[in-house]
Amino acid sequence: MTMGGQNDNHSGTAHGKLAASRAARPEVTAVSGVNSFLGRNLVGLLEEDEGVERLIALDIARPRTAGAKTRFYQVDLTSPAVASRLTEILNAEGVSTFVHLAFPTNPSHATPWAHELQSVGTMHVLNACLERRVTKFVLGSSTLVYGALPSNPNFIDEHQQAQGLVGCDFVMDRIDAERQVDRFAASLPECAVTTLRFAHILGPTVDNYIARWLSRRFVITALGFDPLLQFVHEADALAALKLAIDRDVRGRYNVVSGGVLPVSMLLKLAGRAKLPLPSSLLRAALKLLWATHLVEPPPGLEPCLRFLCVADGERARQELGFVPTFTARDAALDFGGALRLRQARLLHEVGG
C-alpha cells in the first residue's frame, strides 16, 4: 500500500528507470539543513560538481564546507515569517533543484521545536518550491518510518505502509513530512520528486543517536532479543543522495547497505559490552535515562531493540542505480575503529 499521491509507477515515463543525468546542464541547487551530516558533506560534494552552477545553502549557520559556489542564507524554518523569505530566495536565485535535509539528526528533548522544524518547516519549504515551480525535489527520510513491528516481513519494500513508532515524535514527524511531499508531488507533476529512506547511517565520522548509543561502554539491549539491524555507510548515503539529485527518478527508495547484523554482533564489532534488560524494565529504564539525558535513544525507539525493521534495497539498485560499496559489517568496523582511535587519543591527552 502506498500513502498519498506520489507516483511510484514511473518506469514507463520519460522520467523512468535510469533517467538521464541532470548534470549535463547547469543547475542552481538549494539545500536546507546544510549543517546536518548529509547537508554539510553534500555542500562539499556539489562545490566540486561542474554541473552545479550555484549552490544555495539554507540554515541558521554557514557550513564549514561552503566554497566559492555557495551563497549562504540564514534561514530558520521554525520562524513564522520564513515562508515568504524562502520564496523570495528561491525566485531571486533561480533555484531549479531543492534538497530538503533540515531534520534533527537526533531525537530531541525539545519536542515542540522538533515538530516545528520537521512538519511545519517542511510545509514552508514545499510552499516555496511550489511557488517557484522547481523541477527537482529530493527529501531525506528514514527507514524507521516503517516501524519496528513483530508483523514486519523479512524485507520491507517501498509499497508497505509507513506505520512508524507510536509515541516517537522523531519518527512520526518524518512520516508527516513524507505525506506533505506526496501531496506536493501530486500538485506539481512536472517536478521529479524523490524520497530517500536511509537506514541507520553509520561510519567513522557521523555523529547521530546510533553512534552515540554504540559509544557507551555498556549498551542497553533487550533481554532475550537479538534483532537484525540494518545500516548504510556514511559514504554510501552521500553517494545515494548525489544520484537522486542527478537523476530524474520519482518515488521512494530504501537506501541500505549489503547485509544485516544482529545486535550482539554489532556490539562485538564495535567493541562494546551489552547490558540486557527484561522487557518489563526496558522501557521504564529508557524513559528515566532519556529524561535525565543519560542515553540518546528515546523510549519510543525501544521496539527497535526487539523487533525487525529491515528494508529491501532492490528498487534503489534497479531504478536509482545505487549499489552500496560497503556492507553493514564494513560500516560497523569503520565506526568501531574510529571510536577506538578517538578513545586512545583522549587517554593520551589525559595521560599527557
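Among the conditions (1) part of a loop (DSSP other than H, G, I, E, B); (2) open to solvent by less than 30 Å² (accessible area, probe 1.4 Å), A237 misses just one, which is (1). Restricting attention to segment 87-124 and to residues that are among the β-branched types (V, I, T) and in contact with a Phe, Trp or Tyr (Cβ under 7 Å, 6 or more places away or on another chain), the residue that is farthest from A244 (Cα to Cα) turns out to be I89.
Summed over segment 211-234, residues that are crowded, with 18+ Cβ neighbours inside 10 Å, out of contact with any Asp or Glu (no Cβ under 7 Å at 6 or more places or on another chain) and in contact (Cβ under 8 Å) with a residue 60 or more places away in the chain total 11.
Kindly establish whether V134 is closer than 21 Å to N35 by Cα and either in contact (Cβ under 8 Å) with a residue 40 or more places away in the chain or in a loop (DSSP other than H, G, I, E, B) (or both). Against the criterion (closer than 21 Å to N35 by Cα and either in contact (Cβ under 8 Å) with a residue 40 or more places away in the chain or in a loop (DSSP other than H, G, I, E, B) (or both)), V134 does not qualify.
Residue-level check: of (1) open to solvent by 50 Å² or more (accessible area, probe 1.4 Å); (2) within 30 Å of G258 (Cβ to Cβ); (3) among the basic types (K, R), R283 misses just (2).
If I filter segment 300-314 for residues that are modelled with pLDDT of 95 or more and assigned to a helix (DSSP H, G or I), do I get at least one hit? Yes, there is a match, as at least one residue in segment 300-314 is modelled with pLDDT of 95 or more and assigned to a helix (DSSP H, G or I).
Can you give me the number of residues within segment 168-199 that are in a loop (DSSP other than H, G, I, E, B) and surrounded by fewer than 16 Cβ atoms within 10 Å (Cβ to Cβ)? So the answer is 2. Selection within segment 137-157: residues that are in contact (Cβ under 8 Å) with a residue 12 or more places away in the chain and surrounded by fewer than 21 Cβ atoms within 10 Å (Cβ to Cβ). The member of this set that is farthest from the chain's Cα centre (by Cα) is P150. Condition first: among the aromatic types (F, W, Y) and within 18 Å of R252 (Cβ to Cβ). Now tell me which residues in segment 95-137 satisfy that. Passing the criteria: F98, F103, F137.
Residues checked against (1) aromatic (F, W, Y); (2) over 30 Å from Q161 (Cβ atoms); (3) free of Cβ contacts under 8 Å to residues at least 24 places away in the same chain:
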{"site": "G251", "(1), (2), (3)": "no, no, no"}
{"site": "A273", "(1), (2), (3)": "no, yes, no"}
{"site": "S279", "(1), (2), (3)": "no, no, no"}
{"site": "R283", "(1), (2), (3)": "no, no, yes"}
{"site": "C304", "(1), (2), (3)": "no, no, no"}
{"site": "V310", "(1), (2), (3)": "no, no, no"}
{"site": "A316", "(1), (2), (3)": "no, no, no"}
{"site": "G321", "(1), (2), (3)": "no, no, no"}
{"site": "G336", "(1), (2), (3)": "no, yes, no"}
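With respect to A57, determine if the residue is in contact with a Phe, Trp or Tyr (Cβ under 7 Å, 6 or more places away or on another chain), under 20 Å from L241 (Cβ atoms) and in a loop (DSSP other than H, G, I, E, B). So A57 fails the test.
The values are calculated or read from the model by the stated rules, or taken from the named source; none is laboratory data. Predicted, not measured: the structure shown is a model, and the values here were computed from it. As a convention, Cβ positions derive from the backbone with ideal geometry for all residues, glycine included, and neighbour counts pool all protein chains shown. Each accessible area value is taken on the protein alone, full model and side chains, heavy atoms only, with ligands, DNA and RNA left out. Shrake-Rupley method; radii C 1.70, N 1.55, O 1.52, S 1.80 Å.
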